[in-house]
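The values are calculated or read from the model by the stated rules, or taken from the named source; none is laboratory data. Here the structure is a predicted model, which is why all the values come from computation and not from measurement. Here the Cβ positions follow ideal geometry from the backbone for every residue, glycine too, while neighbour counts run over all protein chains shown.
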Amino acid sequence: MATPTAYAQPQDQGQPKKPAQAPVPNQSKNPSLKSVLDNQMVMHQADWTLTTFLAFVSEKTKAHFVIQEGLEKLPVTSHSMQGTANEVLHKTLDSKGIAIARVGLDNNYVALRPPSNGPMPKDPSQSIQDPSLDKSVTVSLKSAPLHVYLDAVAKQADIKISVNTAIGNKPFTAVVQDMKVRDIFFVVVLTKTLTYHKNASGVYEFAQAK
């Protein structure tokens, strides 16, 4: 399972420094890491919300983006350019402090503000051997309590989930189609600063990351 990979940061040219992010891996050595964001696209100058901008990029590349709660209406301005989709995202979103993290290998991505006090979280499923995490599910809920969203995932994957009230009542939005359970869980980890593990009873317990 690939770890989240934010697109590379520019070299310092006198601009305020941003939190360090993981470099893009050498994809030539691992074809499975190739991304639709490596494809070329033409961008025009325009004002957008983050939602409409990523919808445009998605239309051109077939990438699927989940946006961290609260960033949907963030205003962004694109520039006239031709380059890879990754470069377009890079140029448009760097100034807003928004990172794009890849989740899994199926061209799913998360737009989020990276942690200010450390690196991107790692995928907890890397240490869990459970074929249920590779089941694909479809969920379309917007601003639902997180526990409702996770219950919908658990029902389709035939697994059990535990989340306390404080965490479970947080609003969560992610419209996903045929997305692996482990990747959905990782979206939750990234956007809600959570972690999880599988306990001795086989229940997936979600908790606040330390």
Scan segment 86-102 and give yes if some residue there is loosely packed, with under 15 Cβ neighbours inside 10 Å, under 20 Å from V176 (Cα atoms), over 14 Å from the mean Cα position of the chain (by Cα) and assigned by TED's automatic domain parsing to the domain that holds V57, otherwise no. no
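Being part of a helix (DSSP H, G or I), out of contact with any Asp or Glu (no Cβ under 6 Å at 6 or more places or on another chain) and either touching a residue at least 24 places away in the same chain (Cβ under 8 Å) or closer than 27 Å to E59 by Cβ (or both) is the requirement here; does S95 meet it?
Working: part of a helix (DSSP H, G or I): yes; out of contact with any Asp or Glu (no Cβ under 6 Å at 6 or more places or on another chain): yes; either touching a residue at least 24 places away in the same chain (Cβ under 8 Å) or closer than 27 Å to E59 by Cβ (or both): yes.
Spelling it out, S95 is indeed part of a helix (DSSP H, G or I), out of contact with any Asp or Glu (no Cβ under 6 Å at 6 or more places or on another chain) and either touching a residue at least 24 places away in the same chain (Cβ under 8 Å) or closer than 27 Å to E59 by Cβ (or both).
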State all residues of segment 59-69 that are over 14 Å from the mean Cα position of the chain (by Cα) and either assigned to a loop (DSSP other than H, G, I, E, B) or of a type in the set (G, A, S) (or both); if no residue qualifies, say none. K62
Looking only at segment 154-192, count every residue that is surrounded by fewer than 14 Cβ atoms within 10 Å (Cβ to Cβ), of a type in the set (V, I, T) and within 25 Å of T51 (Cα to Cα) and tell me the total. 1
Scanning segment 42-57 for residues that are outside any helix (DSSP H, G or I) and within 27 Å of E69 (Cβ to Cβ) gives M43, A46, D47, W48, T49
Would you kindly identify the helices (runs of 4 or more DSSP H) lying entirely within segment 105-210 that contain at least 1 residues that are closer than 26 Å to A63 by Cα and in contact with a Lys or Arg (Cβ under 8 Å, 6 or more places away or on another chain)? 146-157, 181-192
Which residue is nearest to V103 (Cα to Cα), if the candidates are limited to segment 40-71 and must be free of Cβ contacts under 8 Å to residues at least 24 places away in the same chain and of a type outside the set (F, W, Y)? S58
Just to be sure I understand, how many residues within segment 106-144 are within 18 Å of M179 (Cα to Cα) and of a type in the set (K, R)? 2
Do we have L141 as surrounded by 19 or more Cβ atoms within 10 Å (Cβ to Cβ), under 29 Å from S116 (Cβ atoms) and touching a helix residue (DSSP H, G or I) at 6+ places or on another chain (Cβ under 9 Å) here? no
